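*Asks:* Please see the structure below; I have some questions.
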Amino acid sequence: MIDEKELVIALKSQNECERAFRILVNLYKERLYWHIRKIVLNHEDTDDILQNTFIKIYKNIHKFEEKSKLYTWMYRIATNESITFLNKKAKKKNITIEEVKNQLIENLESDIYFEGNQIQILFQKAINTLPQKQQLVFNMKYFEDHTYENLSEILETSVGGLKSSYHIAVKKITTYIKLNETI
């Protein structure tokens, strides 16, 4: 595996940029795909956002100041692209972001790329009830196993605030599931 500093140097080099970018895409496309997918819940939208994320990374790699890790910077871009996508979708349909999220959950059951059962649908519905920030924190901590320090860099929030958000999110999800399970 290539060292991150070497990869950044290669990405910023005119001669090595394209080769380095292919390496970058191969290293991170799956992790970024699933990060985005947890936010927008739809395969086709995720693919579009992932492509936009990599385009932004490619176009802005020279602005990367290396104050954080490369993957942290990329996760921040992917997160922002996902949130922007949902906000644009809501504005275009003239509905609230919550209504967009509810539509995404409804569509999840018919999504051929979703292999979950009813419990997983209920779990996704519970996550969907969270405010956006709590939802991001929960998904990134629970599904992606990020440390609070990584989350702090990606979401630009204090570790203490993130711990609190995660704890509250877990309580809300647990309560939602207990109130709505019919099994």
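The values are calculated or read from the model by the stated rules, or taken from the named source; none is laboratory data. Given the structure is predicted, the values throughout are model-derived calculations rather than measurements. A quick note on method: Cβ atoms are made from the backbone with ideal geometry, for glycine too, and the neighbour counts reach across all protein chains shown.
*Asks:* Does region 153-169 contain at least one residue that is in a helix (DSSP H, G or I) and within 13 Å of the chain's Cα centre (by Cα)?
*Replies:* yes
*Asks:* May I ask you to list the residues in region 133-152 that are part of a helix (DSSP H, G or I) and either at positive phi or free of Cβ contacts under 8 Å to residues at least 60 places away in the same chain (or both)?
*Replies:* Hits for region 133-152 are Lys133, Gln134, Val137, Phe138, Lys141, Tyr142, Tyr148, Glu149, Leu151, Ser152.
*Asks:* Another question, if that's okay. Look through Phe143, Phe138 and report the one residue that is touching a helix residue (DSSP H, G or I) at 6+ places or on another chain (Cβ under 7 Å) and exposed (fewer than 14 other Cβ atoms within 10 Å of the Cβ).
*Replies:* Matching residue, one of Phe143, Phe138: Phe143.
*Asks:* Restricting to region 153-183, name every residue that is crowded, with 19+ Cβ neighbours inside 10 Å and among the polar types (S, T, N, Q).
*Replies:* Selection gives Ser165 alone.
*Asks:* Tell me, yes or no, whether region 53-64 has at least one residue that is within 30 Å of Thr129 (Cβ to Cβ), modelled with pLDDT of 95 or more, out of contact with any Ser or Thr (no Cβ under 8 Å at 6 or more places or on another chain) and crowded, with 17+ Cβ neighbours inside 10 Å.
*Replies:* Within region 53-64 (the criterion being within 30 Å of Thr129 (Cβ to Cβ), modelled with pLDDT of 95 or more, out of contact with any Ser or Thr (no Cβ under 8 Å at 6 or more places or on another chain) and crowded, with 17+ Cβ neighbours inside 10 Å), the answer is yes, since at least one residue qualifies.
*Asks:* Name the one entry in Ile105, Ile121 that is in contact (Cβ under 8 Å) with a residue 24 or more places away in the chain and not in a loop (DSSP other than H, G, I, E, B).
*Replies:* The conditions single out Ile105.
*Asks:* For region 125-141: of the residues being among the polar types (S, T, N, Q) and over 15 Å from Ile36 (Cβ atoms), which is modelled with the highest pLDDT?
*Replies:* Filtering region 125-141 for residues that are among the polar types (S, T, N, Q) and over 15 Å from Ile36 (Cβ atoms), the one modelled with the highest pLDDT comes out as Gln134.
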